[in-house]
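Colleague: I am attaching a structure below and will ask some questions about it afterwards.
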Amino acid sequence: MLADKRILLIIGGGIAAYKALELIRLLRKEGAAVTPVLTRAGAEFVTPLSVSALAGEKVYTQLFDLTDEAEMGHIQLSRVADLLVVAPATADLMAKIAQGRADDLASTLLLATDTPVMVAPAMNVRMWQHPATQRNIATLRGDGVRLVGPDEGEMACGEYGPGRMAEPAAILDAIRGALAAGPLMGKHVLVTSGPTHEPIDPVRYIANRSSGAQGTAVAAALRDLGARVTFVTGPASVPPPQGVQVVRVDTAREMLAAVEAALPADAAVMAAAVADWRVAEESHSKIKKVAGAAAPSLRFAENPDILKSVAQSPDRRPRLVVGFAAETDDVLAHAQAKLARKGCDWIVANDVSPGTGIMGGAENAITLISATGAEPWPRLPKDEVARRLALRIAGALA
Ligand code: CTP
């Protein structure tokens with residue numbers, strides 16, 4: 001519930017503005033109050049009347065509106081809310097925020113505010129991918145602005161790719177996360193999850209049975225405690241959680257690069273089932289079956305150990321580094337050895353023998369291993385394991 005919370009919602013100009021109406025409805029259903037601000041371009045897509053009718057409040061549109069100044073100045077308006085949300089956030093509006101410009105009501109509020117800001121970008125895929133937009137995004141992130149989306153998919157302009165505004169329900173989740181007065185508020189936690197795919201040729205790859213369910217649940221639980229979560233995921237079969245920064249990768253080497261780009265972090269939880277080896281010479285064309293020829297043989301090369309490199313980083317080691325150990329036998333002994341070998345603080349050990357139904361299943365039975373000993377937990381739903389682990393992490397970072 002978002003009772004007693006006030007959101008200042010800035011609706012930028014883009015076809016996704018219609019989704020902002022649904023967002024207002026969802027926010028009000030949750031008990032939040034919404035102060036709407038409609039940019040001039042935004043008003044080309046949705047009318048001030050529909051926005052104010054749904055919000056049940058006056059909609060602000062102009063910077064130099066004397067009536068508004070008499071009622072509430074723009075500085076005061078920028079401070080009334082618990083969170084400023086920009087949805088849709090156009091490339092232009094984000095460029096303005098990144099540069100600190102204040103030439104209309106929306107950009108002035110964003111520059112004047114002292115409350116957290118969240119943006120839901122929406123634009124054409126090429127505009128999103130343009131280095132200028134990506135530079136602005138990096139600036140915004142560095143300034144502590146939270147991002148939700150954009151999603152990948154078919155765009156109103158007919159192109160396909162990232163740039164679609166996140167769905168209103170996803171933005172609502174992210175708002176909940178941002179306003180959760182949880183113990184991890186202000187902390188950045190990096191989570192890796194899912195399998196990696198190591199290509200053999202353009203159509204074949206080596207993979208493993210990880211579904212990404214436990215890593216996803218951990219990321220969601222950390223978000224619910226107020227953490228800013230960067231979620232680096234391989235091709236998992238469960239969808240990533242809402243309200244976290246999702247970075248999708250395929251291979252172990254891509255995962256390492258994404259992890260390095262996401263540092264620094266206060267804690268890292270490495271739940272990914274990273275392939276230990278990749279095919280040494282990936283074929284760039286499909287390997288063909290030749291009648292009478294011998295079966296091909298694959299030569300492997302060792303992948304980087306992401307957990308180890310983060311845990312042993314000389315200058316960017318998070319305060320808490322948590323690894324997972326999926327074992328099929330001698331679980332405790334192997335996990336304890338892993339803790340020492342990798343240099344992490346905790347290992348979440350689990351038995352993934354086929355009989356346990358853990359890999360790809362809904363439950364997990366873990367033993368939490370640290371320098372102080374091994375603590376077996378009862379068999380629990382993966383969500384509950386994640387919730388308890390997130391609370392432990394919050395305790396360790398307190
Ligand atoms: N891990 C990693 N990078 C790798 C391999 C593993 O970051 N290249 C991480 C996993 O995310 C996990 C932990 O290390 O947190 C243990 O993974 P696991 O596959 O169980 O261990 P391995 O190092 O592969 O050891 P072994 O093959 O001996 O079980």
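Taken together, the values in this text are just the output of simple stated rules run on the coordinates, not laboratory data. Computed from a prediction, not measured in an experiment: that's the story for all the values here. Because the Cβ atoms are built from the backbone with ideal geometry, glycine has one as well, and the counts that use them run over all protein chains shown.
Colleague: Would you please give the residues with an amide H less than 5 Å from that of Phe300, counting only those at least 5 places away or on a separate chain, with H modeled from the backbone geometry?
Modeller: Ala280
Colleague: So what is the relative contact order for the chain, in percent, with contacts set as C-alpha pairs under 8 Å and at least six apart?
Modeller: On the way: 866 pairs, mean separation 44.3, N = 398.
About 11 percent, as a whole number.
Colleague: With the Cα gyration tensor of region 1-99 giving a ≥ b ≥ c as the square roots of its eigenvalues, does the rule (a/c under 1.5 for rounded; else a/b larger than b/c for prolate; else oblate) give rounded, prolate or oblate?
Modeller: Working: a/c = 1.33, a/b = 1.07, b/c = 1.24.
It is rounded, given that a/c, with a ≥ b ≥ c, falls under 1.5.
Colleague: Please report the orientation-averaged projected area of region 88-144, defined via the convex hull of its C-alpha atoms, in nm². Mind showing how you got there, number by number?
Modeller: Working: hull surface 14.6 nm².
Computing the convex hull of the Cα atoms and averaging its projections yields 3.6 nm².
Colleague: Could you give the radius of gyration (one decimal) and Dmax (whole number) of the Cα atoms in the chain, in Å?
Modeller: Both quantities, over Cα of the chain: 23.6, 88 Å.
Colleague: Calculate one ³J(HN,Hα) per residue across region 237-251 by plugging θ = phi - 60° into the Karplus curve 6.51 cos²θ - 1.76 cosθ + 1.60, and present them in order as whole Hz with x for glycine and proline.
Modeller: 3J(HN,Hα) across region 237-251, in whole Hz: 8, 9, x, x, x, 7, x, 10, 7, 9, 10, 8, 9, 10, 9.
Colleague: Let me ask another. Taking only DSSP H segments of four or more residues, each worth -39500 (n - 2.57), what value at 222 nm results for the chain once the sum is divided by all its residues, to the nearest 500 deg cm²/dmol?
Modeller: On the way: 14 runs with 136 residues, N = 398.
The helix-only estimate for the chain comes to -10000 deg cm²/dmol at 222 nm.
Colleague: Taking amide hydrogens as modeled 1.01 Å from N in the peptide plane, which residues meet the under 5 Å criterion relative to Leu83, leaving out close sequence neighbours?
Modeller: Arg6, Leu8
Colleague: Then there is this: Per residue Cα convex hull volume for region 6-179, in cubic angstrom? Working shown, then result.
Modeller: Values: hull volume 17.1 nm³, N = 174.
Considering the Cα atoms of region 6-179, their hull volume per residue is 98 Å³.
Colleague: Can you give me the Cα centroid spacing of region 169-213 and region 103-153 in angstrom?
Modeller: Each part's Cα centre sits 21 Å from the other's.
Colleague: Considering only Thr196, Thr230, Thr39, give the residue with the highest GNM mean-square fluctuation for the chain, with springs between Cα atoms whenever their separation is below 10 Å.
Modeller: For the chain, modelled as a Gaussian network with Cα springs under 10 Å, the answer is Thr39.
Colleague: With just the Cα atoms defining each centre, how far is region 255-306 from region 1-36? Give it in Å.
Modeller: 43 Å
Colleague: Same structure, new question: What residue among Asp266, Asp114, Asp103 shows peak mean-square fluctuation when the chain is described by a Gaussian network model with Cα springs under 10 Å?
Modeller: Asp103
Colleague: Run the quick spin-label model on Ala169 and Thr356: label points 7 Å from Cα toward the beta carbon, then report their separation in nm to one decimal.
Modeller: According to this spin-label approximation, the distance is 3.2 nm.
Colleague: Calculate the FRET efficiency for Arg316 and Thr372 from the Cβ-Cβ distance with a Förster distance of 25 Å, rounded to the nearest 0.05.
Modeller: Working from the Cβ atoms, E equals 0.50.
Colleague: Between Asp250 and Arg25, take the C-beta separation as r, use R0 = 51 Å, and let me know the FRET efficiency to the nearest 0.05.
Modeller: Values: r = 38 Å, r/R0 = 0.74.
Taking R0 as 51 Å, the efficiency between Asp250 and Arg25 is 0.85.
Colleague: Okay, which of region 128-157 sit inside 12 Å, backbone N to the point 7 Å along the Cα-Cβ direction of Ala261?
Modeller: Hits in region 128-157 for Ala261 at 12 Å: 134-135, 138.
Colleague: Once amide H atoms are placed 1.01 Å from N in the peptide plane, what residues at a sequence separation of 5 or more from Asn364, or on another chain, have their amide H within under 5 Å of its amide H?
Modeller: Close amide H contacts, sequence-distant or interchain: Leu380, Lys382.
Colleague: Quick check on packing: order 253-265, 44-56, 282-294 by the mean number of other C-beta atoms within 10 Å, highest mean leading.
Modeller: 253-265, 44-56, 282-294
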